[in-house]
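Contents: one structure, followed by commentary.
No value in this document is a laboratory result; all are computed from the given coordinates. Everything quoted here is computed from the prediction, not taken from an experiment. Cβ placement follows ideal geometry from the backbone for every residue including glycine, while neighbour counts extend to all protein chains displayed.
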Amino acid sequence: MAASMRLLVRRAIRLSNRNIQVTAAARAPGRSGCCWGPSSCRCLSDAAEDRSTHFGFETVPETEKAKRVYKVFENVAQKYDVMNDAMSLGIHRVWKDMLLHAMHPQPGVRLLDVAGGTGDISFRFLEYVRSQQERQKRRAARSMQTPSWQDISNNYSKEDEDGPLESRAVVCDINKEMLKVGKQKADSMGISAGLSWVVGDAEELPFDDDQFDIYTIAFGIRNVTHIDQALQEALRVLKPGGRFMCLEFSKVTNPVLARLYDAYSFQMIPVLGEVIAGDWKSYQYLVESIRKFPNQEEFKGMIEDAGFYCVQYQNLTGGVVALHSGFKL
């Protein structure tokens, strides 16, 4: 209830700010009088329609992009994982594993996986934490092979006070079809403990402030209409000391690899989309959206501007993908 009320308040504030900005622009020289009197509502509406953004290489009104992106992922949801394997030749699995190793989560942390769709990152997170718990238990068992009476007493009191540390992963995605596929995967894999599924917009997350230890978004932030707003939301929901991690396609650093990558992307990926998923246009958009996304340094600057500290990135596969990371202090 508290989260929903906060969400309504944030929406009201943003709407108010946008109206103020539009009204101020309307009263500027050359447009004086446009938003005075009965015509004010129409003028505000026109100004909203004037704001444009990119949908791949196409320029569209901001209000239209989210709907079109939703339709893309609604269309490809059932074949999304198969296409990831086909497009990347399976390398996307290595990239995601590298994200988890860089994250190195410990038992008890809470993960928010935004644009988490079919659950790949959250599944890996829960498995990684389980492996860490098992490792800690083995170390404890070895250290207790010849315990003193004091060690035994301390061990029992610690278990009674603390209990087992439980990690949780929340998969948040705006697209219900992607979440549906993710839930089906979780059921087939027998994964249920510590896992939640939430429909939510990266630009207006339905969570209270300071809730999560780690925020991840893998191959999703380039599809957001207002990236700066999504980054501010990431900062808001992270606890102090929390970590932001973004895995996203980026700019290839090697000129030869860049030419090969462009040829493969534009000539092969839409064809694979048509053959495997029956959808050429959606995968043409995905290829184009990669080229419109800021390069490594530009995106690093955007993360810093949002308020994160110690921001850095690591290029994977020659810059085909970059892993950006920052902390909320």
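Overview of values
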{"read-out": "FRET E, pair Glu62, Tyr309, Förster distance 35 Å, beta-carbon r, rounded to 0.05", "value": "0.75"}
{"read-out": "Inter-centroid distance (Cα atoms) of region 56-96 relative to region 168-192, Å", "value": "17"}
{"read-out": "Other-chain or far-sequence residues with amide H under 5 Å of Thr53's (modelled H)", "value": "Val60, Glu62"}
{"read-out": "Region 233-304 shape via C-alpha gyration tensor axes, a/c threshold 1.5", "value": "oblate"}
{"read-out": "Region 94-118 residues near the modelled Leu260 label - backbone nitrogen below 12 Å, point 7 Å along Cα→Cβ", "value": "none"}
{"read-out": "FRET E, pair Asp97, Thr253, Förster distance 22 Å, beta-carbon r, rounded to 0.05", "value": "0.55"}
{"read-out": "Nearest-0.05 FRET efficiency for Ser131 and Asp209, computed from C-beta distance (R0 41 Å)", "value": "0.85"}
{"read-out": "Inter-probe distance in nm under a simple model that places probes 7 Å from Cα toward Cβ, at Arg139 and Tyr70", "value": "4.7"}
{"read-out": "Whole-number Å³ per residue for the convex hull built on Cα positions in region 281-329", "value": "83"}
